[in-house]
Amino acid sequence: MSESHQAIKVVTKRTGLSAHVIRIWEKRYGAVTPERTGTNRRLYSDEQIERLSLLREVTQSGHSIGHIAKLPMEKLRELALQMHPSNGQPARALSPAPAASKYLDESLAAVKSLDTRALDATLKRAATELGAQGLLQRIVNPLVQRIGDLWRDGTLTAAHEHFASAVIRVFLGQVAKPFAGTESAPVLVVATPTGQLHELGALLVGAAASNLGWHVTYLGASLPAAEIAGAARQNRARAVALSLVYPEDDPRMEGDLARLRESLPAEIPLLVGGRAAPAYQSVLRKIGATQIEDLTTFCSTLDELRKPASKGRP
Ligand code: B12
């Protein structure tokens, strides 16, 4: 292997993309064409790694991978630069954009002072500057994680956390609205199963899907399998997405998920994410659910499902 070529594992670390997304971007969109070793393993040059990093940056600001995958490097750098005009250099994929970290700090300050108007105004400005996907991935998701950490170490109280959840909940509803799919848009049913009361993950994926042009049927938190399956059948859903956050050891979950899979038509894929999803990995595998780690992968999976040849097969 030449020094300037890297295996996919290194590329995932340097770009922040999962191996799954990299392969989809390659196969479906021709984003890069890596060299192959004698045993057919992929090897990426530094320029290809930079290209993947730029594609990640630019998709996070709301551009569809299908539209930008084949753009020349110069054009991609230009687009990335537009996202970070202040420092004259495109930010590296793994470091937060200056604008994003500013909004994140302002949002946290608003949460600390329980200031609804300031939090709402900051999220609105961030949405305008970063785009809906940028807002979800760079602000809302890390904000929720930071609030959780500060709550755990006692810096923030339950009141701060409830306050932030309530404001973010309303805000995510507004983010999704302008993108509410047309009648012909594919339907995504989003919910959390029985006992899973944390709702923000489900709201986040619902907003991300709406932003990609899906028609989202949002069912909310803690819903029995039969209800979720019934809604999916009634609305002729193209897919069902579940968010699992807490607890990680619910003995009812295995039966619930199996029942959901049985009552869903076979061609409707079940997409599952959230911090507790890995804890239920064995049942998820058993029922053939697709476990998805992050919003970037989720968006690529939805794009895949819209392609006629891929219906029902993420
Ligand atoms: C908001 C919140 C609450 C709110 C929920 C309000 C609501 N309506 O949702 C309230 C106050 C009710 C609450 C209660 C509790 N909470 Co709470 N809560 C949180 C907080 C701050 C956010 C939770 C959340 O919604 N996360 C969802 C998303 C945003 O995060 P995520 O799971 O990492 O998801 C990411 C991906 O996985 C993906 N994703 C999520 N879902 C999906 C779905 C799909 C399909 C895909 C593709 C991707 C995806 O999106 C994100 C992007 O990367 C977290 C902190 C945190 N770091 O998450 C604690 C947290 C989850 N809570 C925790 C705890 C302990 C509790 C309580 C037990 C506290 C208590 N003592 O009462 C109760 C339990 C209630 C219950 N019975 O379930 C712990 C869980 C610890 C653990 N073992 O996992 C956390 C992690 C806080 C902490 N750091 O300790 N909580």
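How high is the relative contact order of the chain? Use alpha-carbon pairs under 8 Å, at least six apart in sequence, and give a whole percent.
12 percent
Using a/c under 1.5 as the rounded threshold, could you call the range 234-300 rounded, prolate or oblate? The axes a ≥ b ≥ c are square roots of the C-alpha gyration tensor eigenvalues, and prolate needs a/b larger than b/c, oblate otherwise.
The shape class here is oblate.
Top mean-square fluctuation among Asp115, Asp153, Asp256, Gaussian network model of the chain, C-alpha springs under 10 Å?
Sorting by GNM fluctuation, first place goes to Asp153.
Please name which of Ala166, Val140, Trp151 has its Cα lying farthest along the dipole of the range 118-200 towards the positive end, using unit charges on Cβ (Lys, Arg +1; Asp, Glu -1) and the Cα centre as origin.
Positive-most Cα among the choices belongs to Val140.
Report the extension gain between Lys13 and Ala121 in nm, rounded to one decimal, defined as 0.36 nm multiplied by the number of residues separating them, less their alpha carbon distance.
Numbers: separation 108, 0.36 × 108 = 38.88 nm, distance 3.41 nm.
Fully extending the segment from Lys13 to Ala121 adds 35.5 nm.
Once the piece of chain linking Ser263 and Ile287 is laid out straight, how much longer is it, given 0.36 nm per residue of separation minus the C-alpha distance between them?
Length difference between fully extended and current span is 7.5 nm.
Give me the dipole magnitude in Debye, nearest 20, for the chain about the Cα centre, with unit charges on the beta carbon: positive for Lys and Arg, negative for Asp and Glu.
780 debye
Give me the one-decimal nm value for the distance between modelled label points at Thr33 and Arg252, 7 Å along each residue's Cα-to-Cβ direction.
It is 5.4 nm.
Over the Cα atoms, compute the radius of gyration (one decimal) and Dmax (the largest Cα-Cα distance, rounded to a whole number) for the range 154-239, in Å.
14.2, 48
If only Cα atoms are counted, what is the Rg of the range 193-270, and what is its Dmax, in Å?
Computed over the Cα atoms of the range 193-270, radius of gyration and Dmax are 12.2, 36 Å.
What are the principal axis extents of the Cα atoms in the chain, in Å, biggest first?
52, 48, 40
Could you tell me what percent of the DSSP beta bridges with both partners in the chain are antiparallel, to the nearest 5? Provide the component values of the computation, followed by the final result.
Values: 4 of 20 bridges.
Once the DSSP bridges in the chain are tallied, antiparallel ones form about 20 percent.
Grab the eigenvalues of the alpha-carbon gyration tensor for the range 174-314, scale each by 5, take roots, and send me the semi-axes largest first in whole angstrom.
22, 16, 14
Using protein chains only and a probe of 1.4 angstrom, how many square angstrom of Lys112 are accessible, to the nearest 10?
Rounded to the nearest 10, that gives 110 Å².
What value, in deg cm²/dmol to 500, does the helix sum -39500 (n - 2.57) over DSSP H runs of n ≥ 4 give at 222 nm once divided by the residues of the chain?
After summing the helix terms and dividing by residue count, I get -16000 deg cm²/dmol.
Working with all protein chains in place, sort Met253, Met73 by solvent-accessible area computed with a 1.4 Å probe, largest first. The partial results should precede the final answer.
Working: Met253 0, Met73 25 Å².
Order by accessible area, largest first: Met73, Met253.
With the contact rule set at Cα under 8 Å and sequence spacing of 6 or more, what percent relative contact order holds for the range 209-314?
This gives 27 percent for the range 209-314.
Given N residues in the range 119-176, what is Rg(Cα) / (2.2 N^0.38 Å)? Could you put the intermediate results ahead of the total?
Working: Rg = 11.6 Å, N = 58, 2.2 N^0.38 = 10.3 Å.
Against the compact-globule rule of thumb, the ratio is 1.13.
The values are calculated or read from the model by the stated rules, or taken from the named source; none is laboratory data. Not measured: the values here are computed from a predicted model. Please note: Cβ atoms are built from the backbone with ideal geometry, for glycine as well, and neighbour counts cover all protein chains shown. The accessibility values were calculated without ligands, DNA or RNA, using every heavy atom of the protein model including side chains. Shrake-Rupley method; radii C 1.70, N 1.55, O 1.52, S 1.80 Å.
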